[in-house]
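Down below is the structure, laid out as structure tokens.
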Amino acid sequence: MKHIKIINVGNLNKVDGKGCGECQTSCQSACKTSCTVGNQKCENTEV
Amino acid sequence: MIHKYYLNGHHILMDINSGSVFEIDELTYEVLDYFPDKDKCFDLLGTKYDEDQLAEVWNELTYLKNQGILYSEDIVLDEKIIKNRDVKAMCLHISHDCNMRCAYCFAAEGSFNGDKLLMSYETGKEAIDFLIENSGERKHLEIDFFGGEPLMNFSVVKDLVEYARSIEKKYNKEFRFTMTTNALLLNDENMKYLDENMANIVLSLDGRKETNDKMRKTVTDEGTYDLIIDKIKRMVELRGNKDHYVRGTFTKNNLDFSKDVMDLADRGFKSISVEPVVASPEMSYALTDEDLDRLINEYEDLAVRYLDYWRSGKGFDFFHFNIDLHGGPCAYKRVSGCGAGTDYISVTPTGEIYPCHQFVGIEDFVLGSLKEGIVRTDLRKDFERVNLTDKKACNDCWAKYYCGGGCFANAYNFNKDIYQPYELGCELEKKRVECAVMIKIVQQAEDRDNQN
């Protein structure tokens, strides 16, 4: 493509097998006053 | 839903439901204002641009849409999984007392507007038992030793870690401990212990000496910088590559907070988080709407300097610029946000249970106690419902899957309603996400160029 460069092909809306709930709670990382979840790591190794 | 923006010389397009990211040219940026209305687009832009060029852009956008990565389908989640919210993380208020007197402290000198108390071993043990009993199938359990200042009750911390470790195999659990400390009591012995036993260590320091000392004071009202800087350096050296954050808070007193972040970076700290203060608007140091433009500029400047340092081999992590475009948490996590009041709770030295540390001391938010369990099931249901699927205020926001709906305590502090997000916080979060994505695009491109 000449005008658009794909940086990342996401699949956030493909949710089968997701939602194990094992990932870190955001407030346990560093943020105690500003919730951010987009920078947490996924712990699900089976998907 | 899409979001497009221009930052630091880059036109960026994000597809919100899929999480796809694109870098686009200026023409595409304009065409997107009309997509999918082709007639209108060609009518209005046909006088300004060559029709063949417009057709090329149109075809590329149509191709991506057909691939399901632009204007992608909505996220449809299984309600049963959303509502399966066993407790998995606990903020353990090991000390409701503090050896500092920070001006912005939401914990009222550590006491959270109650008595100055240290948690007993027995209460801590009951809290760990409660966590295990209420954690269902969750394997990874998190405990943050919090305060006040948790090192004021260090012997109980050590005993509780030993207790949790002694029973985790029996219950097929894995504990991860973190500590948030002001560093004043750090010494060789406890530093070694924390390094060996904590999954993450959060060390409080606001940045430049003058910034830190204006807000972070001793009990005799003196600045703390000179008392803690060397200790924090030693802790971080010992820590090496293991998880830790040097974490600060910015207020109206240091709207130029990017200088504080850079000061921390210049001192060699590689893992930094500096966050906006949470304070009632009447406080002199509270951030207000009039500060927004200045703060937005600060984040943008910081993003540019962050990249400069990365290029020159002096790179560091800034918590809010960390984003994993290719992975990161799944939609269930993003919809449920921080989990306060459901999978995340706080426990006080007297065994009261609150939705999170920010609500401790507010009587209306007592969920229950270790003795009685969660008795306010109505309140727990409120926190269960306050996720993105039910939160009208976030429906049309492009950043919702990055912030998870924001901090419920901020929403309550400012709007007396956990469903109504704190708008200034929302605007800052959006800018941080824009900066984070731009940074990843630049890093990805320059890494590729360097390899070729």
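Throughout, read-outs are computed from the coordinates displayed, never taken from laboratory work. Bear in mind the structure is a predicted one, so any value in this text is a computation, not a measurement. Note that each Cβ is placed from the backbone with ideal geometry, even for glycine, and that neighbours are counted across all protein chains shown.
What to note about this one:
- Square roots of 5 times each gyration tensor eigenvalue, C-alpha, region B:325-383, largest first, Å: 26, 12, 9
- Ordered from longest to shortest, the equivalent ellipsoid semi-axes for region B:189-230 are 25, 11, 8 Å, each the square root of 5 times a Cα gyration tensor eigenvalue.
- Note on B:Tyr121 and B:Asp317: the model spin-label points, each 7 Å out from Cα along the C-beta direction, lie 3.4 nm apart.
- Note on B:18-25: average number of Cβ atoms from other chains within 10 Å of each residue's Cβ is 6.
- Peptide B:283-291 has a mean shielding of 0, counted as Cβ atoms of other protein chains within 10 Å of each residue's Cβ.
- Mean projection of the Cα convex hull over all viewing directions, computed for region B:121-256: 9.8 nm².
- Amide H partners (placed H, <5 Å) of B:Leu7, local residues excluded: B:Ile12
- Nearest-20 debye value, chain B charge dipole, Cβ charges on Lys, Arg, Asp, Glu: 1460
- Based on the reciprocal of the average 1/r between different C-alpha atoms, the Kirkwood radius for the protein assembly as shown equals 23.7 Å.
- 5 angstrom amide H check on B:Val202, placed H, neighbours 5+ away: B:Met179, B:Thr180, B:Thr181, B:Tyr245
- Highest to lowest packing among B:320-327, B:435-442, scored as the average C-beta count within 10 Å: B:435-442, B:320-327
- Taking other residues whose beta carbon is less than 13 angstrom from the beta carbon of B:Thr123, and scoring Lys, Arg as +1 and Asp, Glu as -1, yields -3.
- Computed from the alpha carbon atoms alone, the convex hull of region B:97-181 holds 98 Å³ per residue.
- Principal axis box of region B:143-185, alpha-carbon based, largest edge first, Å: 36, 15, 12
- Calculated over region B:166-220, the projected area of the Cα convex hull averaged across directions stands at 5.6 nm².
- Exercise: per-residue mean of other protein chain Cβ atoms within 10 Å, B:57-64: 3
- Here the convex hull built on the C-alpha positions of chain B has a volume of 166 cubic angstrom per residue.
- A convex hull fitted around the alpha carbon atoms of region B:244-354 yields 169 Å³ per residue.
- In percent, rounded to a whole number, the relative contact order of chain B is 15, using alpha-carbon pairs under 8 Å and six or more apart.
- Label point distance in nm, B:Met1-B:Glu73, each placed 7 Å from Cα along Cα→Cβ: 1.9
- Karplus (6.51, -1.76, 1.60) ³J(HN,Hα), θ = phi - 60°, over region B:390-401, in Hz, Gly and Pro reported as x: 10, 9, 4, 4, 9, 3, 9, 8, 5, 8, 4, 7
- Modelled this way, with points 7 Å down the Cα-to-C-beta line, the labels at B:Tyr171 and B:Asn66 are 5.5 nm from one another.
- Radius ratio Rg over Rh of region B:9-133, counting only Cα atoms, Kirkwood formula for Rh: 1.36
- DSSP-loop trypsin sites (Lys or Arg not before Pro) across region B:1-102, with at most 12 other Cβ within 10 angstrom: B:Lys48
- Relative contact order computed over region B:266-317 (Cα-Cα under 8 Å; 6+ residues apart), in percent: 39
- Length-normalised contact order for region B:113-244 - Cα pairs under 8 Å, 6+ apart - percent: 21
- The alpha carbons of region B:362-446 occupy a box of 57, 25, 22 Å along the principal axes, longest dimension given first.
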